[in-house]
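Visitor: If you scroll down you'll find the structure; I have some questions about it.
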Amino acid sequence: MPTPVILVHGGAGAVDPARRPLHAEGCARAAEAGRAALAAGGRARDAVLAACAALEDDPLFNAGHGACLTAEGTVELDAAIMDGERLELGAVACLPPFANPIRIADAVRADGVHTLYAAQGAARFARDHGFAPLGPDALVTDAARERLARVLAGAADRGWAGGTVGAVACDAGGHVAAATSTGGTVAKRPGRVGDTPLAGAGTWADDLSGACSATGVGEAIMRLGLARRACDLLHAGSADEAARRAIEELGRRVGGSGGLILVDNGGRTAVARNTETMSWALARLGEPTESGF
Ligand code: ASP
């Protein structure tokens with residue numbers, strides 16, 4: 001029986017060296033929220049949900065509170081959760097402001113009628129399931145506003161924000177789960193959907209192999225089907241080898257930048273990236289939490 005474990009990330013990118021420890025600490029807090037769920041006898045799915053929601057609540061990261069903005073200054077959120085036992089999936093895309101998109105994605109999973117809702121339909125599903133919509137500015141931080149202003153003024157590159165969040169876990173039953181949540185990319189066109197809510201691209205979990213949450217340039221990640229590719233590679237090698245090979249393919253085959261976290265169905269974990277940074281934290285039951293960037 002594997003020792004329950006949770007691994008989280010706070011997005012691939014190039015975080016300023018002075019701020020890297022802050023990102024690692026945010027990840028460590030989220031991993032501990034996930035570990036608490038596992039310690040209470042929760043499933044892998046409960047753990048990734050708790051960790052991802054904690055990261056959405058932390059304004060440091062590009063998900064939930066602190067999400068990056070579209071070219072029109074609005075918030076459009078993407079999130080997905082997948083349970084590897086029965087391949088249950090729930091996702092939302094282009095969701096208007098709600099505090100915890102990952103909880104809405106999980107309600108989509110539990111509801112079971114559809115797997116992915118977008119935009120106003122996603123908002124309606126959320127309201128109908130008891131989630132309270134927020135005002136247009138409720139999740140917007142000064143940092144997100146400044147970032148958009150710099151991009152629109154041509155002082156920074158359009159696109160990739162960094163700070164997307166995700167979690168993977170394996171519980172004592174050998175069940176795995178993955179969750180990922182993001183505001184997407186800075187100054188994205190309204191209606192743009194990234195890899196995060198797409199099964200196999202940003203998020204994947206299958207008890208027959210493992211679970212993966214990816215981050216980086218969504219357009220490249222979805223072309224490769226990165227999260228599923230990494231899990232499939234577990235059939236041919238260790239978690240470390242699978243993670244490294246999947247990221248190598250992301251760069252070589254589609255010119256993508258990004259990172260991923262991976263756990264196999266025996267609880268072995270791996271982190272890989274071809275970017276400058278990707279904050280992460282690992283919490284295994286009975287062991288001290290590790291974190292890094
Ligand atoms: N993958 C996310 C997206 O393209 C961005 C990120 O990971 O930072 O929406």
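Visitor: Size of the dipole of the chain about the Cα centre, Lys and Arg at +1 and Asp and Glu at -1 on the beta carbon, nothing else charged, in debye to 20?
Guide: Working: 28 positive and 34 negative charges, 109 e Å.
The dipole of the chain has a size of about 520 debye.
Visitor: Rounded to whole Å, give me the distance from the Cα center of the range 40-111 to that of the range 160-220.
Guide: 10 Å
Visitor: Next question, about the same structure. Hydropathy at least 0.5 by Kyte-Doolittle, axial extent at least 18 angstrom from the Cα trace: which helices of the chain, defined as entire DSSP H runs, fit?
Guide: Values: long enough: 20-39 (28 Å, -0.08); 44-57 (20 Å, 0.72); 239-254 (22 Å, -0.79).
Counting only whole DSSP H runs, the qualifying helices are 44-57.
Visitor: Give me the extension gain from ARG252 to ARG145: residue separation times 0.36 nm, minus the current Cα-Cα distance, reported in nm with one decimal.
Guide: Working: separation 107, 0.36 × 107 = 38.52 nm, distance 3.39 nm.
Gain on extension, ARG252 to ARG145, equals 35.1 nm.
Visitor: Here's another thing I want to ask about it. For a quick check: with amide H placed at 1.01 Å from N, whose amide H comes under 5 Å from LEU77's, ignoring anything fewer than 5 positions away on the same chain?
Guide: Residues meeting the amide H criterion: CYS94, LEU95.
Visitor: Roughly speaking, what is the centre-to-centre gap between the range 123-152 and the range 2-22 when only Cα atoms are used, to the nearest Å?
Guide: The range 123-152 and the range 2-22 have Cα centres spaced 23 Å from each other.
Visitor: Projected area of the range 106-160, taken from the Cα convex hull and averaged over every viewing direction, in nm²?
Guide: So the mean shadow area of the Cα hull is 5.3 nm².
Visitor: Could I ask something else about it? Give, to the nearest whole percent, the P(r) tail of the chain beyond 23 angstrom, counting all Cα pairs.
Guide: On the way: 19586 of 42778 pairs.
Of the Cα pairs, 46 percent sit more than 23 Å apart.
Visitor: If you don't mind, another one. At R0 = 30 Å, how high is the FRET efficiency between ALA153 and ASP240 if r is their beta carbon distance? Nearest 0.05 is fine. Please report the intermediate quantities before stating the final value.
Guide: Values: r = 42 Å, r/R0 = 1.40.
E(calc), rounded to 0.05, equals 0.10.
Visitor: Could you give me D for the range 150-249, from Stokes-Einstein at 10 °C and 1.306 mPa s, where the hydrodynamic radius is the Kirkwood radius over C-alpha pairs? Units µm² s⁻¹, please.
Guide: Numbers: Rh = 14.2 Å.
Stokes-Einstein gives a translational diffusion coefficient of 112 µm²/s.
Visitor: Using only Cα atoms, what Kirkwood radius does the range 217-275 have, in angstroms?
Guide: Numbers: mean 1/r = 0.0907 Å⁻¹.
For the range 217-275, inverting the mean 1/r across all distinct Cα pairs yields 11.0 Å.
Visitor: Please state the relative contact order of the range 149-236 as a whole percent: Cα pairs under 8 Å, 6+ residues apart? Let's see the in-between values first.
Guide: On the way: 168 pairs, mean separation 22.2, N = 88.
Over the range 149-236, the number comes to 25 percent.
Visitor: Using a 1.4 Å probe on the protein heavy atoms only, what accessible surface does HIS114 show? Give it in Å² to the nearest 10.
Guide: About 100 Å², rounded to the nearest 10.
Visitor: I've got another one for you. Counting each DSSP H run of 4 or more residues in the chain as -39500 (n - 2.57), what helix-only mean residue ellipticity at 222 nm follows after dividing by all residues, to the nearest 500 deg cm²/dmol? Kindly include the intermediate steps, with their values, before the conclusion.
Guide: Details: 8 runs with 97 residues, N = 293.
Taking each H run of at least 4 residues, the total per residue is -10500 deg cm²/dmol.
Visitor: Within the chain, which is the longest segment containing none of the GluC sites (Glu not before Pro) that sit in a DSSP loop and have at most 16 other Cβ atoms within 10 Å? Please report the intermediate quantities before stating the final value.
Guide: Working: sites that count: GLU72, GLU276.
Answer - 73-275.
Visitor: Can you check how the C-alpha radius of gyration of the range 1-137 compares to 2.2 N^0.38 Å, as a plain ratio?
Guide: 1.08
The values are calculated or read from the model by the stated rules, or taken from the named source; none is laboratory data. All values derive from a computational prediction rather than experimental measurement. Positions of Cβ are generated from backbone atoms using ideal geometry, with glycine treated the same way; all protein chains shown enter the neighbour counts. Just so you know, the surface numbers come from the protein's heavy atoms only, side chains and all, with ligands and any DNA or RNA stripped out. Shrake-Rupley method; radii C 1.70, N 1.55, O 1.52, S 1.80 Å.
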